[in-house]
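Structure first, commentary second.
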Amino acid sequence: MIRFCIFLASLFLLSCGSSSRIDGFVYYRINANPTTLDPALIVDVTGASIAAKLFNGLVKLDENLNIVPDIAERWQISNDGLRYTFFLRKDVRFKNGRIANAHDFKFSYERVLHPDSKSPVTWVFDKVYGAAEFRNDRVKEVAGFRVIDEHTFEIRLNSVFSPFLNILTTTTAYVVPKEEVSRWGPDFSSNPSGTGPFYLKEWKQNAEVKLVKNPNYFEDTAKINGIVYKIIPEDLTAITDFELGNLDVISLPASAYSKFRDDAKWEKEILTMNAPNTYYLGLNCSKPPFDNAALRRAVGLAVDRKKILETFYEKRGRLALGPVADIIRAWTVAPDANDFSYKPEEASKIVKKLYPQGLSAKMYITADQDVVDLAEIIQSYLEKSGIKVTIKQLEWSAYKQAINSGEPDIFWLSWWADYPDPENFLFPLFHSANLGPAGNRTRYVNKSVDSLIEKGQKAVNVQQRNAFYKQAEDIIISEAPWIPFWHKTDFLIKQPHIKNYKAYPIHTMDKGLGITIETR
């Protein structure tokens, strides 16, 4: 009788899962409710990945991370590198049917900078001529945003900034219609209206976000009818829903990776994605003991990163040679830079020479179990080399505050690129202008590195830019404010009936246009 009841309950679950699905829709899992779907306010990956399907910008990234046309069908950059002129398509319509034009881009970009918007991403346009005066409410418009005609838009910069086109691929640079922003006011965050291949149909807070196909999209329209993002915080629940067929694509949690990898039914449905990120052990350069570069290098020699990656981390990443993500780095790391090879005897000699009486250090981590386990492995390696490590666990907000204020000696963190340019790893993380909360949490200061990064930012051609960035990274590697561990590889799994799904290294690249559903 008990077995029969369990069988009926299972059938009920399966039938409920399938009956609630909408034909022609693809079902994804997100683990948190989006904070906002307003491009001027988005800072989270969840919101940005959904917004990418609702909006467009001037330019976008192709599958090889090249900058290609979006609403701007072409553009010109002046010889001095200060003026960008974009020539817009004339067939792009907002959800309300109106054609998007150059005035919309001027409005959208000034809206990001306007004090009333309280945008947390004003940095995207802070290099634009007149942006600072506008933000300080000294002028009524940004001089660097100019409408030449209905379909020609110009952006003028204060000084040459080589990553600027890459930055224009971010969510912040999407275009919005002024009339809809005025109509909804603050509620535009939950009632977004854009030019994208999908429209927002419904947003049930903490339950699901439903998008429907835009039949009037200016490029090839989507091959599916819509997308449903199910908000499921717990990994176990998401995995169960996937196995029941209620979800079509999920990111594989570390705890479930080996289960699906070793299952003949599922192994061929796993997709890999080499994302632009670096996971690292940060060393506080602003105070003893790790204000000493020789000791920092010894930490890198003391830990067998390769073994940890291949065993504990199950090869779910690529060994890092330096801070810049491998899929973005366009140069070879200098062979005489610190290679962080495992040399425990050498590490022990350095530590003993510098601290003959022994050395202790505080390592801060989050309470995530994977991170706790990893920290204990690192702790064991360091203690063998003479560094006694005390581990302190904190919840995320307290942890972030502690590392931003320079409290720990050692900490574990990662950096994910906002845009695919080496500058996004070098400037925020290692320039002395960004100590603490702005990104340079190791509090590393090297004026030569500052200068090289700035020269790279102002380089007009790519070859020159990369030469400066290479020099900067080589110095950073040799001085080891970070011990770079790996670039994480993400693994996703899809249902067999989902075809042509692609995993993209940057979340804003996925417009949902190629995916199809095979009739079952």
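Structure summary
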item	result
Unit charges at the beta carbon, dipole of the chain: most positive-side option, Leu301, Gln464, Ala275	Leu301
Mean residue ellipticity (222 nm) of the chain, computed from DSSP H runs ≥ 4 via -39,500 (n - 2.57), nearest 500	-9000 deg cm²/dmol
Amide H contacts of Thr152 (H built 1.01 Å from N, under 5 Å, at least 5 apart or other chain)	Leu88, Ala102
Phi-based couplings in Hz for segment 335-342 (Karplus 6.51, -1.76, 1.60; Gly and Pro marked x)	x, 8, 6, 4, 9, 6, 5, 6
Between segment 50-95 and segment 361-406, the Cα center-to-center distance that results, in Å	43 Å
Rounded to whole Hz, the Karplus (6.51, -1.76, 1.60) HN-Hα couplings of segment 76-89, x for glycine and proline	10, 10, 5, 4, 7, x, 9, 10, 10, 10, 10, 9, 8, 5
Order of Asp474, Asp370, Asp418, Asp490 - criterion: other Cβ atoms within 10 Å of each residue's Cβ, fewest first	Asp370, Asp490, Asp474, Asp418
Residue-by-residue Karplus 3J(HN,Hα) for segment 303-315, coefficients 6.51, -1.76, 1.60, Hz, glycine and proline x	10, 7, 4, 4, 5, 4, 4, 7, 9, 4, 8, 6, 6
Chymotrypsin sites (Phe, Trp or Tyr not before Pro) restricted to DSSP loop in segment 192-270 with at most 13 other C-beta within 10 Å	none
Projected label distance in nm at Lys223 and Asn79, using a 7 Å step from Cα toward the beta-carbon	4.7 nm
Segment 48-121: C-alpha gyration tensor shape, a/c 1.5 cut-off, then a/b vs b/c	rounded
Normalised contact order of the chain, rounded percent, pairs of Cα under 8 Å and 6 or more residues apart	19 percent
When each of Lys106/Lys204; Lys400/Lys458; Lys268/Lys494 is checked by Cα-Cα distance, pairs over 20 Å	Lys106/Lys204; Lys400/Lys458
Ranking of Arg135, Arg318 by count of other Cβ atoms within 10 Å, fewest first	Arg318, Arg135
Distance from segment 239-272 to segment 276-318 (C-alpha centre basis), Å	30 Å
At least 24 Å along the helix axis (C-alpha) and Kyte average at least 1.6, DSSP helices within the chain	2-19
Dipole in debye (nearest 20) - the chain, about Cα centre, beta carbon charges: Lys, Arg +1; Asp, Glu -1	160 debye
Antiparallel bridges, percent of DSSP beta bridges restricted to segment 277-488 (to nearest 5)	55 percent
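Rule-based calculations on the coordinates, nothing more; no lab input. A quick note: this is a predicted structure, and the numbers were derived from the prediction, not measured. Every residue, glycine among them, receives a Cβ derived from its backbone with ideal geometry; neighbour counts consider all protein chains shown.
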